[in-house]
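FYI, it's all coordinate maths here, none of it is from the lab. All figures in this text were calculated on a predicted structure; none of them were measured in a lab. A quick note on method: Cβ atoms are made from the backbone with ideal geometry, for glycine too, and the neighbour counts reach across all protein chains shown.
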Amino acid sequence: MNNVPHNPNQTTAVFRRAADCDVEEWSDSIRGSVQWWTLFSADRTPTSGLTVGVAEIPVGAPAPLRGHWHSLAEVYYILSGSGYVWIAGDKTSVVGGDAVFIPGDVEHFAVNTGTDPLRLLYFFPTDSFTDVKYEFPTK
C-alpha cells in the first residue's frame with residue numbers, strides 16, 4: 001500500500017478501476033472465501049469520508065462457520081450473482097440490485113448460492129480501510 005496524502009478539503013474527483021487495485025483475500029473456514037479490491041480508502045487514495053470496494057465470493061465457496069463483525073456500519077450493494085446474507089442468525093436471499101445495511105457490531109457474512117460469482121460493492125463510513133477492525137468468534 002502506498003501512503004497517499006490525506007486531503008479532507010478535497011475538491012477533485014478520483015477515478016479508480018478494480019483491475020488497478022491490489023487483490024486482497026480470505027480463504028479459510030473461519031473467515032470464508034472472498035476476494036476484494038479496495039477502490040477508495042485514505043491510506044491508498046487521496047479521498048476521505050468513505051471506504052468503498054468490490055468483493056467477490058466464488059461459486060461453490062462454503063459458508064464460513066460463523067460471521068465477523070466490526071464497530072462500523074457497512075452497506076452491501078449486490079452487483080451480480082445470487083446468494084444470501086446471514087446477519088445475526090437470519091438468512092436473507094440477495095440478487096443483483098439488492099442493498100443491505102448492516103449495523104455496527106452485528107455478526108454477518110455473505111454466501112454465494114448461484115452459478116456465477118457473487119459480486120458486491122461495500123461501503124464503510126470511515127476514511128480508511130485500516131479503520132475497520134474485523135473480529136471473529138473464538139468458538
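Out of the strands (runs of 3 or more DSSP E) lying entirely within the range 79-134, which hold 2 or more residues that are free of Cβ contacts under 8 Å to residues at least 40 places away in the same chain?
Numbers: elements: 82-87, 90-95, 99-102, 108-112, 118-124.
Counting at least 2 such residues, we get 82-87, 90-95, 99-102.
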Subject >> Residue under evaluation ALA73, criteria (1) more than 13 Å from the chain's Cα centre (by Cα); (2) closer than 20 Å to VAL132 by Cβ; (3) touching a residue at least 24 places away in the same chain (Cβ under 8 Å), criterion not met >> reply: (1)
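I'd like to know if the range 6-20 contains one or more residues that are part of a strand (DSSP E or B), surrounded by 11 or more Cβ atoms within 10 Å (Cβ to Cβ) and not polar (S, T, N, Q).
Restricting attention to the range 6-20, the residues satisfying the condition of being part of a strand (DSSP E or B) are none.
Checking the range 6-20: not a single residue is part of a strand (DSSP E or B), surrounded by 11 or more Cβ atoms within 10 Å (Cβ to Cβ) and not polar (S, T, N, Q).
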Original post:
Name the residues in the range 26-56 that are of a type in the set (S, T, N, Q) and either closer than 21 Å to LEU79 by Cβ or within 12 Å of the chain's Cα centre (by Cα) (or both), would you?
Top reply: SER27, SER33, GLN35, THR38, SER41, THR45, THR47, THR51
**OP:** Check whether at least one residue in the range 44-64 is closer than 14 Å to LEU121 by Cβ and either surrounded by fewer than 17 Cβ atoms within 10 Å (Cβ to Cβ) or free of Cβ contacts under 8 Å to residues at least 40 places away in the same chain (or both), and report yes or no.
**Re:** yes
Original post:
Restricting the search to the range 27-78, which residues are in contact with a helix residue (DSSP H, G or I) (Cβ under 7 Å, 6 or more places away or on another chain) and either part of a strand (DSSP E or B) or under 18 Å from VAL95 (Cα atoms) (or both)?
Top reply: TRP37, THR38, LEU39, THR51, VAL54
Original post:
Among the listed residues VAL85, VAL100, VAL95, which satisfies the condition of being surrounded by 12 or more Cβ atoms within 10 Å (Cβ to Cβ) and more than 24 Å from ASP28 (Cβ to Cβ)?
Top reply: VAL95
